[in-house]
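J.: Handing you a structure now.
Please treat every number below as a calculation from the coordinates, not as lab data. In this text the structure is predicted, and so the values were computed from the model without any measurement. Here the Cβ positions follow ideal geometry from the backbone for every residue, glycine too, while neighbour counts run over all protein chains shown.
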Amino acid sequence: MRYIAALVLCGLALPVFADKAAVEGLRVYLDEGRYRVDADVHLTLPPAVREALHNGIALVFEVRAELRRENIMIPDSLVTQHRRRYRLEYRPLLERYVVTELGGARTVETHLRLRDALKAIGRIRGWPLIEKRQLDRSHTYYVRVRGELLLTELPLPLQLHAYVKPSWWIATPWAEVPLR
Amino acid sequence: MYRLPLFAGLFVVLLVLLFLMGQVAGSAEQFERYYIVLLAANGVFLVVLVLAIGANALRLVRRLLQHAPGSHLTLRMTLAFVIFAVAPAAVVYVFSLQMLERGIDSWFDVQVEAALDDALELSRASLDLIMREYLQDTVRAARRLERVPDSAAVLALSDLMKETGATELTLLGANARIIASSRDMAESLVPRLPGEAVLRLVAQGESYVGLDPTPEGSLRIRVVLPVAPSTVNPQARILQALYPLPQRIGRLTERVQEAVGRYDQLSYLRGPLKQSFMLTLSLVLLLAVLFAAWAAFQWAQRLLEPIRELARGTRAVAEGEYDQRLSVQRLDDLGLLLQSFNEMTERLAEAREAAKTSQRLVERQRAYLETLLENLSSGVVSLDPRGRLRTLNRAAAQILGVDAPERLIGRPAEELRGEGGAFASFMDQLLENLREADEECHMQLTLQGEKGRKILMCHGVRLPTGGQVIVFDDVTALIQAQRDAAWAEVARRLAHEIKNPLTPIQLSAERLRRKLLDRLDEDEGRILDRATQTIVAQVEAMKAMVNAFGEYARRPRGKVRAVDVNQLVRDVAELYRANAARARVELELAPDLPAVQADPDRLRQVLHNLFNNALEALGERDGGVVRVHTAVVEEGGLVEVAVADNGPGIPEEMLDRLFEPYVTSKSRGTGLGLAIVKKIVEEHGGTVWAENLPQGGARLVIRLPAAR
């Protein structure tokens with residue numbers, strides 16, 4: 001089922017994965033009885049989006065790791081997921097890119113270079129997924145990771161513009177790795 | 001009726017959508033997240049409206065093509081309504097677009113932009129100055145730490161923190177390992193380490209100073225620089241110091257930054273903002289216009305519904321459906337019109353019902369009259385006011401010898417005079433009499449037909465509506481019967497009053513002769529003898545005449561049995577073959593002739609009389625032929641015997657009275673032969689008539705009923 005879904009997603013999302021946005025180094029490992037995931041989600045911004053960023057538009061990215069169970073007849077089901085949202089903004093006064101993790105932690109990082117800021121956003125290290133004992137051995141599981149720009153978080157006038165401009169559809173394809 | 005709630009529902013939906021769009025356009029945050037949903041909802045509503053309008057327009061076009069009543073009016077009203085709705089909306093739309101364009105552009109000013117840039121630059125310069133001071137303070141602190149061993153670093157950092165005013169001082173070793181850290185109570189428990197890029201920079205021997213935003217939203221200064229190795233500390237170390245920005249400076253710079261950011265954002269969003277507003281405005285206008293158009297269709301249809309209803313009703317009435325009732329759902333003028341129409345159709349239906357009842361009555365009466373007319377033994381003929389034949393009943397057709405009366409109906413009476421036969425004669429005499437008649441007239445008409453003369457008693461009446469009706473009876477048989485009865489009475493009286501004195505006269509004459517002849521001289525005796533001879537001869541003649549009358553008046557004696565007419569004809573003919581000197585007798589006898597129920601003696605007398613009549617008609621002429629033929633006629637119901645001669649024929653004026661006593665063209669005979677024939681034939685239920693033959697001569701025909 002997941003292959004079918006992947007094919008459909010590839011077909012649908014072909015223009016979305018522009019500018020080599022991709023997930024690299026996806027790795028799932030067991031750490032003290034808990035599965036964790038490492039990955040580097042490479043996000044790149046096309047010039048139009050960079051221009052918006054430099055003009056005070058804050059961009060919100062979501063990086064997500066999902067643990068899914070394979071099914072035969074029905075679509076694969078989501079077992080658990082771990083996702084984080086980051087706000088990326090450019091401060092002209094500081095001449096720096098500020099990455100703020102949204103949600104509970106609200107950590108703030110500043111970066112001189114955009115590349116470093118995006119790298120920090122896409123950096124997944126040791127994200128906890130699930131306790132091993134919680135898994136049913138009779139099923140096959142896999143982990144998939146993806147990063148994307150959330151258009152819904154854009155300022156209202158820009159949203160419609162972004163929805164109709166493919167250059168704004170920034171997302172990596174799903175990267176998958178089976179859970180062994 | 002269902003249209004009103006639908007209309008109201010759609011109108012409410014439209015209002016809600018427009019309100020929400022207005023709110024979103026006003027950047028109300030609570031609606032921001034529903035912007036796309038709202039757009040989609042508007043889009044769906046738009047499509048629904050377009051489909052509804054399309055369906056309405058299609059229906060209207062179809063109705064226009066069918067020339068349906070009210071369709072042109074619907075088109076005109078819809079167009080007018082749409083134009084009235086669109087025109088002001090379009091003006092407002094164009095005006096709003098211009099206002100929007102100019103309004104948004106007016107937010108931005110080159111001078112403001114330059115001022116903001118300058119303010120930003122000024123803030124940077126100000127911050128640079130502060131950061132440079134903090135950098136120098138930190139450089140001095142780093143130098144003092146050069147000779148402080150790691151173990152004493154915490155104390156040194158604590159002292160330095162007080163001297164420099166830093167909120168956090170952290171000494172890092174290789175791989176960013178924390179050697180020692182000193183923090184203000186307000187700072188977090190864990191040192192906030194610099195990023196990798198900063199560490200890389202410092203590792204190359206450079207110093208880093210920069211502003212860091214805090215999670216709380218304020219700014220602080222971060223200084224990171226290498227601590228030079230010394231004899232005490234041979235390893236390279238890094239010192240990070242965090243300083244708070246002076247409150248006033250911090251507030252000012254934040255404001256500047258916020259203003260610049262806001263201005264940049266607005267400036268950048270100018271285009272999308274305009275597009276968004278235009279889209280919203282266009283959508284609102286489009287929705288309003290389409291709704292107006294749809295409402296126009298609905299309104300026009302609702303307004304014209306009674307007219308369509310009325311047209312439908314009128315058509316139905318034109319097709320004869322008077323029970324058509326229109327639904328009156330409103331009490332306005334059109335509703336009253338429908339109500340009036342319903343009242344009208346109701347009255348029409350009542351009138352039609354009355355007319356139908358009346359018609360049924362008339363039909364019944366007509367059928368009754370027709371039956372009466374058809375079964376009436378009297379003939380009835382009617383003429384319409386224009387003189388055309390309108391009625392000719394069965395009895396009339398029978399009396400007048402008309403085979404197909406229907407071909408005569410409707411034709412002018414004047415034209416029918418030329419038809420020929422008894423009917424033409426009837427019409428001819430009738431019209432002549434009617435011309436001079438008043439309201440009512442009685443007349444007796446005599447018709448000359450192929451089967452003799454007919455006497456009709458007619459009674460004519462002028463109808464109140466114009467035209468005339470004539471009732472007539474064939475009284476020929478009645479008159480004949482009266483005549484026959486009179487003759488029978490004459491015969492009876494002759495027999496009684498004349499025959500009785502004849503014998504005494506004869507006897508007296510003979511006695512006179514016997515008594516006186518011898519006493520008289522020769523001359524007187526001769527006179528007496530001659531006179532008495534004459535008396536006796538005349539008395540004998542009178543006796544013969546009286547006997548003949550007696551025969552005529554005699555009643556049937558009732559010896560009726562089945563008689564073979566052919567055999568009887570042969571017997572009688574045989575006598576005349578022998579006796580007739582000059583005439584030839586020819587027989588044409590039908591082979592399978594049925595018998596007739598008759599008195600054979602009287603039937604024989606009939607044949608004798610017919611033969612005698614034929615021979616007397618031939619007289620002394622040469623080549624005379626008496627031809628007798630028998631036949632079956634009327635589908636076996638009648639036996640016909642015809643005796644024809646090739647003599648001079650019967651004078652036309654005598655034809656209809658030939659069978660009356662003393663009607664004869666001959667000098668001899670009693671004049672009762674054919675009268676007796678007729679009497680006997682009629683006593684046997686038969687008919688007899690005489691006719692002249694086209695080739696000359698006459699024929700007497702008798703028809704008797706065949707025995708069953």
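J.: Once the Cα atoms of helix B:333-375 and of chain B are each reduced to a long axis, what angle between those two axes, in degrees from 0 to 90 to the nearest 10, is obtained?
T.: 20 degrees
J.: Please name which of B:Ile221, B:Val12, B:Ala544 has its Cα lying farthest along the dipole of chain B towards the positive end, using unit charges on Cβ (Lys, Arg +1; Asp, Glu -1) and the Cα centre as origin.
T.: It is B:Ala544.
J.: Quick one: Karplus J couplings for region A:117-123, per residue in order, coefficients 6.51, -1.76, 1.60, θ = phi - 60°, nearest Hz, x for Gly and Pro?
T.: So the Karplus estimates, Gly and Pro as x, are 5, 5, 5, 4, 5, x, 7 Hz.
J.: Taking square-rooted eigenvalues a ≥ b ≥ c of the alpha carbon gyration tensor, is region B:559-600 rounded, prolate or oblate, where a/c under 1.5 means rounded and, failing that, a/b exceeding b/c means prolate?
T.: It is oblate, given that a/c is not under 1.5 and a/b is not larger than b/c.
J.: Also, quick follow-up: Could you give the length gained on full extension between B:Arg302 and B:Thr465, defined as 0.36 nm per residue of separation minus the Cα-Cα distance, in nm?
T.: Extending this stretch completely gives an extra 53.2 nm.
J.: What residues from region B:680-707 fall in the zone where the backbone N is under 18 Å from a label point 7 Å along the Cα-to-C-beta line of B:Val632?
T.: What the label zone holds, given the 18 Å backbone N cut-off, is B:703-707.
J.: Further, regarding this structure: Can you pull the one-decimal nm distance between simple spin-label points at B:Arg492 and B:Asp184, each 7 Å off the Cα toward Cβ?
T.: Rounded to a tenth, the inter-label distance reads 17.3 nm.
J.: What do you get for the angle between helix B:3-25 and the principal long axis of chain B? Use alpha-carbon atoms, 0 to 90 degrees, nearest ten.
T.: 20 degrees
J.: Another question, if that's okay. If you put +1 on each Lys and Arg Cβ and -1 on each Asp and Glu Cβ, how big is the dipole of the protein assembly as shown around its Cα centre, in Debye rounded to 20? Before the final figure, lay out the partial values.
T.: Numbers: 112 positive and 110 negative charges, 595 e Å.
Rounded to the nearest 20 debye, it is 2860 debye.
J.: While we're looking at this one, here's another question. Taking the mean number of other Cβ atoms within 10 Å as a proxy for protection, how do you rank B:68-79, B:636-647 from highest to lowest?
T.: Values: B:68-79: 17.2, B:636-647: 20.7.
Per-residue mean Cβ counts within 10 Å order the peptides as B:636-647, B:68-79.
J.: Rounded, prolate or oblate, given the Cα gyration tensor of the protein assembly as shown, with a/c below 1.5 counting as rounded? Spell out each step's value before the answer.
T.: Details: a/c = 8.14, a/b = 4.70, b/c = 1.73.
Because a/c hits 1.5 or more and a/b exceeds b/c, the protein assembly as shown counts as prolate.
J.: Report ³J(HN,Hα) in whole Hz for each residue of region B:644-658, in order, from the Karplus equation J = 6.51 cos²θ - 1.76 cosθ + 1.60 where θ = phi - 60°; Gly and Pro get x.
T.: Listing the rounded values in order: 10, 10, 10, x, x, x, 9, x, 4, 5, 9, 4, 7, 10, 4 Hz.
J.: Moving to a separate point now. Taking amide H positions as placed in the peptide plane 1.01 Å from N, state which residues far from B:Glu586 in sequence (5 or more) or on other chains have amide H under 5 Å from it.
T.: When sequence neighbours closer than 5 places are left aside, the close amide H contacts are B:Val626, B:Arg627, B:Val628.
J.: From other protein chains only, count the Cβ atoms within 10 Å of every residue's Cβ in B:266-279, then give the mean.
T.: Counting Cβ atoms of other protein chains within 10 Å of each residue's Cβ and averaging gives 4.
J.: Among B:Leu456, B:Ala562, B:Leu372, whose Cα projects farthest towards the positive end of the dipole of chain B, with charges put on the beta-carbon of Lys, Arg (+1) and Asp, Glu (-1)?
T.: B:Ala562
J.: What's the angle, to the nearest 10 degrees (0 to 90), between helix B:673-683's Cα axis and the longest principal axis of chain B?
T.: 50 degrees
J.: Can you list the residues, at least 5 places off or on another chain, whose amide H is less than 5 Å from the amide H of B:Arg390, using H built in the peptide plane?
T.: B:Ser382, B:Leu383, B:Asp384, B:Gly410
J.: What does the structure give for A:113-122 when I average, per residue, the other chain Cβ atoms found within 10 Å of the residue Cβ?
T.: Average neighbour count from other chains, rounded to a whole number: 1.
J.: Report the charge-dipole magnitude of region B:376-474 in Debye, nearest 20, computed about the Cα centre from +1 at each Lys and Arg Cβ and -1 at each Asp and Glu Cβ.
T.: So the magnitude is around 220 debye.
J.: Separation between the A:Ala22 and B:Leu15 pseudo-spin-labels, each 7 Å from Cα along Cα→Cβ, expressed in nm?
T.: Simple spin-label model gives 5.8 nm for this pair.
J.: Taking amide H positions as placed 1.01 Å from N in the peptide plane, with prolines and chain starts having none, which residues 5 or more places from B:Val209, or on another chain, fall under 5 Å of its amide H?
T.: Those qualifying (amide H under 5 Å, at least 5 residues apart or on another chain) are B:Val224.
J.: Nearest 20 debye, what's the magnitude of the dipole of region A:68-152 about its Cα centre given +1 on Lys and Arg Cβ and -1 on Asp and Glu Cβ?
T.: Roughly 160 debye, rounded to the nearest 20.
J.: Averaged across the residues of B:35-42, what count of C-beta atoms belonging to other chains lies within 10 Å of each residue's C-beta? Intermediate results must be reported in sequence, preceding the final value.
T.: Details: counts 5, 6, 0, 0, 3, 0, 0, 0.
Mean shielding by partner chains, rounded to a whole number: 2.
J.: I want to check the label-to-label distance for B:Asp571 and B:Leu693. Put each point 7 Å from Cα in the C-beta direction and report it in nm to one decimal.
T.: Roughly 2.6 nm, to one decimal.
J.: Could I ask something else about it? What list of ³J(HN,Hα) values in whole Hz, one per residue of region B:193-205 in order, does the Karplus curve 6.51 cos²θ - 1.76 cosθ + 1.60 (θ = phi - 60°) give from phi, with Gly and Pro shown as x?
T.: Ordered by residue, 3J(HN,Hα) equals 7, x, x, 4, 4, 5, 5, 4, 4, 5, 4, 7, x Hz.
J.: Could you work out the helix-only [θ] at 222 nm for the protein assembly as shown, with each DSSP H run of four or more residues adding -39,500 (n - 2.57) and the total divided by the number of residues, to the nearest 500 deg cm²/dmol?
T.: Helix-only estimate at 222 nm: -17000 deg cm²/dmol.
J.: Next question. Under a Cβ-Cβ cut-off of 14 Å, what is the net charge of the residues other than B:Glu540 that fall near it, where Lys and Arg count +1 and Asp and Glu count -1?
T.: Charge balance in the 14 Å sphere: +1.
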